[in-house]
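The values are calculated or read from the model by the stated rules, or taken from the named source; none is laboratory data. Bear in mind the structure is a predicted one, so any value in this text is a computation, not a measurement. Note that each Cβ is placed from the backbone with ideal geometry, even for glycine, and that neighbours are counted across all protein chains shown. Surface areas here come from the heavy atoms of the whole protein model, side chains and all, with no ligands, DNA or RNA. Shrake-Rupley method; radii C 1.70, N 1.55, O 1.52, S 1.80 Å.
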Amino acid sequence: MRQNRVAVLGGAGFIGRYIVKRLAERGDVVAVGGRHAAGAKFVGLKGEVGQVGLFNVSIGDEPLLRAFVADNDAVVNLVGILQESGSQRFEAIHHIGPARLARIAREAGIERYIQMSAIGADPRSPSAYARTKAAGEAAARDAFPTATILRPSVVFGPEDQFFNRFAAIAALSPVLPLIGGGETLFQPVYVGDVAEAVVRCIDDPSTAGRTYELGGQKTYSMRALVELLLEEIRRKRLLVNLPFGAAAIQARLLSLLPDAPLTPDQVEMLKYDNIVSPNALGFEALGIKPTAVEAILPTYLDRFRRGGWYARGPAA
């Protein structure tokens, strides 16, 4: 297999570090970009000396993007936000940014362009997050027609903001709210499997111009996921139904906080299932068998148990 040169924008983030690790392990030269990428020294340790470079570059800075992309074979865009804050707006990050990066990649003669999106991306969605994700997909394809788009469901792993956040709340609060009764469906996907999908799309020219929806082995309701979490951290908590209307009011207040735990836009997203569409291409088309949630959660949620990994006995 020939050595590739791959530019990964957002490569110091949760999903990015797993992609960089996969690429470095097989000998590729990787440029990792992001607003604060140069400070992410742990990413640079993924490969041999000089194999992984760290560069401070914003998806809104065209001159720096041109320099970042130059002389690479593939570009992977992982940049995204879950909530707006300051100058970080959905439209700029999810739509205008990918349009700019894909155009620059095409003009630079890049062979492969991978755009990370999300299940639920829909131009008609009431959620600004989902609408701008869809706009970003369309813009990337317009600028780079052979772009491959990946849409994962909620991504889990040791550094995730899903199970870790709920576990942290459960460790402190005797009550856990379930928005909309916890009936929303999810298909959690392991971060390592998402990283493997990116690598295979870089290598396989038949994936060019296609969209893949990435979901895990099983579908769970939000209630089932919280119950699975509580079982893993060995805690009993009262699960309380929170209607969407009440959740929206609460979210408007919480959104005033820095790093808000809930926003009105997220409440809108919870009104729709987050699972792979019936006829979508997915892991099977890429030759990947997704990893079960139950196989991974024990490897990183032990710290939320009473007594940590060595805790024994019934739920607290």
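Can you tell me which residue is most open to solvent (accessible area, probe 1.4 Å) among those in the range 250-291 that are among the small types (Gly, Ala, Ser) and under 20 Å from Glu183 (Cβ atoms)?
Ser277
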Would you mind stating whether Arg141 is in contact with a Gly (Cβ under 9 Å, 6 or more places away or on another chain), under 17 Å from Ile202 (Cα atoms) and among the charged types (D, E, K, R)?
yes
Which residues, counting only those in the range 135-145, are open to solvent by 10 Å² or more (accessible area, probe 1.4 Å) and part of a helix (DSSP H, G or I)?
Ala135, Glu137, Ala138, Ala139, Arg141, Asp142, Ala143
How many residues does the range 156-190 hold that are of a type in the set (Val, Ile, Thr) and buried (at least 23 other Cβ atoms within 10 Å of the Cβ)?
1
Restrict the check to the range 68-87 and report whether at least one residue is of a type in the set (Phe, Trp, Tyr) and under 30 Å from Asn279 (Cα atoms).
no
Looking at Arg112, Arg124, Arg106, Arg89 in this structure, which one is open to solvent by 30 Å² or more (accessible area, probe 1.4 Å), among the basic types (Lys, Arg) and under 21 Å from the mean Cα position of the chain (by Cα)?
Arg89
Which number in (1) open to solvent by less than 20 Å² (accessible area, probe 1.4 Å); (2) more than 20 Å from the chain's Cα centre (by Cα); (3) more than 19 Å from Arg106 (Cα to Cα) marks the one condition that Gly34 misses?
(2)
Tally of residues being open to solvent by 60 Å² or more (accessible area, probe 1.4 Å) and farther than 23 Å from Pro152 by Cβ across the range 63-85
5
Might you let me know whether the range 226-233 holds any residue that is farther than 30 Å from Gly307 by Cα and either β-branched (Val, Ile, Thr) or at pLDDT 95 or above (or both)?
no
Kindly provide the set of residues from the range 105-120 that are under 29 Å from Thr184 (Cβ atoms) and either hydroxyl-bearing (Ser, Thr, Tyr) or not in a loop (DSSP other than H, G, I, E, B) (or both), ordered by number.
Ile114, Gln115, Met116, Ser117
